[in-house]
Structure formats: structure tokens, C-alpha cells
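Participant: Sharing a structure with you now.
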Amino acid sequence: MLRTYGRFALRRTGQAVVVVLLAYLFTFVVISILPGDPVTSTLRNPDNGFTEDDIARIVAYYGLDQPWWVQLGSSLGRFVVGDLGVSLRSNLPVSGLVLDALGSTLSLAAAALLVAVVLAVAIAYGTQFLPPRWGQGVLRSLPSLFLSVPNFVIGLLLIHVFAFGLGLFSMIDTETPWGTFFAAVALGIPVSAQLAEVLIASLDHESRQEYVAVARSRGLRSGALFLRHLVKPSALPTVTVLALIVGELLGGALITEAIFGRVGIGTLVESAVASQDLPVLQAVVSLAAIVFVVVNLLADLAYPLLDPRVAVGRSGRPVSVAPRDEPTTPLREEVSIV
């Protein structure tokens, strides 16, 4: 079993590397066919202050006077060894520019993901165990409401109430803990809707199983029933959605940064697009592809560990080997222990 899982992990890792390289190639081709000449528009822009020697050195470094396939080969070679080049606008290493901006964006995305997971679990728990007269139906309608409101509307509302109204954080410095929290709330609320929808559907399915009825008949309290018997079998589709929404989190983080005036990857992308700084633009797009592929790789590797009914198929993809209606554990023994 361990050897099979090891081969599966190696195969999926190799596929992930190939996907990242293909994403880099695709990004290079798309950026290369964009209208405009970076030498004329960026390097010879008097505002950037490049001398003729600087321009000649950068042109030779990127091979801008060479055919596109030569530029692609040298660019891919630098990318494989972790060299992202230098900015055409500031003449600084692109890796340094990305790392300086990445911390703020990752902290915002991580906080937003935490907010989304906590909110989704709270809503899903309430739909299962909250009495109907206390608003169970309202909880079931919250995901639809969250999806229908764009995150920039939520962000503007939070700024109006908590920054200008209550003064909990200042728009001059939104990198404070309160500023990061409310930016994460604005980003996390729409994302939580998708998680809550999938989690509610999974919990509804698992709640109808016989082992849940047995557990309830033995007097198991709702909290223990939720944590011991419902969360784990419901986690598999939730992990799938969680991996898919990473791209939405990164894209939403760029908009949220602009609304809250935070300096991050969004600011870097905005300046790179405005100045046609192609190395910076390609580095950011490649970074987003790497994050998305790595998160989905981790989700694939987690499937067989989360649910014993999922085995590794010959194709290298997780496959279900038992009907979903079958319990995953010896339920009678578990319930009797409780």
C-alpha cells in the first residue's frame, strides 16, 4: 500500500511539474504576441532612466534582438533554475520584487481562507443541528446571498462602517491586524459560499445514513456526532472545492488589495501591465500557476488519506472503490465506545 501510494505521489508530482512548465510556455507565448515593443516603450522611456549601456545589456540578457524561439529557450532555462530575470522598468531582480510583494498577498489570502473555512463550517453545522424555528432555513440561504454580492461591495461596506464609522482601522495604514482582518472578511465571504454549499450537501447525505441514526439513538450529542462521524466523510468534496478556489482567492486578493489600498502582488501586476514590464508580468502569472498546481497536487495526495474508500487507480488518479453509502468505519464498535 505504501509503495503504491509512493508511486502515485511521484507520478502526480511529475505531472504537476509538466503542467507548471506548460503554463510558463503558454504565458510566454501570450505575452510575446501582445502588441508593443518593450525596447521602445519601456527601455527607451526617459522616465525609467536607462542609459544606452543598460539597454544593450538588458537586450543581450533577454535576447530581445533574437528570434522568439531563442528567447523562449533562454527564458525557460532561467526559469528552471529559479532565475526570473530583471525588471525592465526598475532594473531590479524580479525575484526580489515578487518576494517583497508576496508576503502581504499571502497573509491576506491565508487569512481569507481561514475566514471562509470557519464561516462555511459554522453555516453547515447550523443547518444540521440548529432548530428550524431558530433560522435553519435562513442559514441555508446564506451561501446564495454571499455568492450574489461581489467582494468589492463587501469591502466598501466594511470600510464605510468599521474604518470611517467606528474607526477600528485606518485607511492610511491597512497593513495593521484589524485592516488585514476586514480585508480578509471581504475576500473570504464570497469564497465561503462555495465551501458551505458543498459541505451542506455532503452533510445532508451523510446525515441520512444508518450509522448516523444509530449514533443518535445511542444519545450521542450533536457536537460529538458532527466531529466524529460527519466531518471526515464530508471532507473529500470540500477538499476538492478548497483546491479549486485557490485561484479565486488569488484573483480576489488583487481586487481586495486595490480596494483597501494594500501593497502586494496586485500593485505589482498593475504597475507591470501599465509599463509593459514583461518579466515581472510573466513571473507573477507563473507564480499563480505554481500555487494553483501545488494546492491541487496536495488535494490529490490527501484523497486516499482522508477516505479509505478512495484508492489509487492505474491512471494515477484517485478512484472510489466503494459506494458512498457504505460507512468507512466499523460503526457499531465506534458508537458502543462512545
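The values are calculated or read from the model by the stated rules, or taken from the named source; none is laboratory data. Not measured: the values here are computed from a predicted model. Here the Cβ is made from the backbone with ideal geometry for all residues, glycine too, and neighbour counts use every protein chain on show. Accessible surface is based on the protein model in full, side chains and every heavy atom, while ligands, DNA and RNA are left aside. Shrake-Rupley method; radii C 1.70, N 1.55, O 1.52, S 1.80 Å.
Participant: Roughly speaking, what is the centre-to-centre gap between segment 75-106 and segment 269-301 when only Cα atoms are used, to the nearest Å?
Facilitator: The two parts, judged by their Cα centres, are 11 Å apart.
Participant: For segment 191-246, what class follows from the C-alpha gyration tensor (a ≥ b ≥ c being the square roots of its eigenvalues): rounded when a/c is under 1.5, otherwise prolate if a/b is larger than b/c, else oblate? It would help to have the intermediate numbers written out before the result.
Facilitator: Working: a/c = 2.88, a/b = 2.58, b/c = 1.12.
Taking the square roots of the gyration eigenvalues as a ≥ b ≥ c, segment 191-246 is prolate.
Participant: Compare the Cα positions of S222, Q276, A184 along the charge dipole of segment 177-276 (+1 at Cβ of Lys, Arg; -1 at Cβ of Asp, Glu; about the Cα centre) and return the one farthest towards the positive end.
Facilitator: S222
Participant: I've got another one for you. Where does each of Y211, Y61 land when they are ordered by accessible area, with a 1.4 Å probe and the largest first?
Facilitator: Numbers: Y211 20, Y61 85 Å².
Sorted by accessible area, descending: Y61, Y211.
Participant: Ignoring any ligand, DNA or RNA, what whole percent of the accessible area of the chain comes from carbon and sulfur when the probe is 1.4 angstrom?
Facilitator: Values: 12120 of 17850 Å².
In the chain, the share of accessible area belonging to carbon and sulfur is 68 percent.
Participant: If R₀ is 22 angstrom, what is the calculated FRET efficiency for the pair I290 and R11, using the beta carbon separation as r and rounding to 0.05? Could the numbers behind the result be given before it?
Facilitator: Working: r = 19 Å, r/R0 = 0.85.
Approximately 0.75, to the nearest 0.05.
Participant: Can you give the extra length, in nm with one decimal, that the chain gains between A274 and R228 once fully stretched, where that is 0.36 nm per residue apart less the Cα-Cα distance?
Facilitator: Details: separation 46, 0.36 × 46 = 16.56 nm, distance 5.26 nm.
Value of the extension gain: 11.3 nm.
Participant: Using a basic spin-label model with each label point 7 Å from the Cα along Cα→Cβ, how many nm lie between L2 and V149?
Facilitator: According to this spin-label approximation, the distance is 5.1 nm.
Participant: Same structure, new question: With angles folded into 0 to 90 degrees, how steeply does helix 246-260 sit against the dominant principal axis of the chain? Use alpha carbons for both and round to 10.
Facilitator: Computed tilt is about 70 degrees.
Participant: I would also like to ask the following. Mind listing the Cα extents of segment 144-292 along all three principal axes, in Å, largest one first?
Facilitator: Result for segment 144-292: principal-axis Cα extents of 65, 40, 25 Å.
Participant: Note the full-extension length gain between L22 and Y61 as 0.36 nm times their separation in residues minus their Cα-Cα distance, in nm to one decimal.
Facilitator: Working: separation 39, 0.36 × 39 = 14.04 nm, distance 2.28 nm.
In short, 11.8 nm is gained.
Participant: Same structure again: How far is helix 278-306 tilted, in degrees, relative to the longest principal axis of the Cα atoms in the chain, given as a value from 0 to 90 rounded to the nearest 10?
Facilitator: It works out to around 20 degrees.
Participant: May I ask you to derive the FRET efficiency for I31 and A201 from their Cβ-Cβ distance with R0 = 41 Å, giving the value to the nearest 0.05? Kindly include the intermediate steps, with their values, before the conclusion.
Facilitator: On the way: r = 40 Å, r/R0 = 0.98.
E(calc), rounded to 0.05, equals 0.55.
Participant: Further question: Return one whole number: the accessible area per residue of segment 1-137 in Å², for a 1.4 Å probe.
Facilitator: Working: 7940 Å² over 137 residues.
Normalised by residue count, the accessible surface of segment 1-137 is 58 Å².
Participant: Just to confirm the number: angle between the C-alpha axis of helix 68-80 and the first principal axis of the chain, 0 to 90 degrees, nearest 10?
Facilitator: That works out to roughly 50 degrees.
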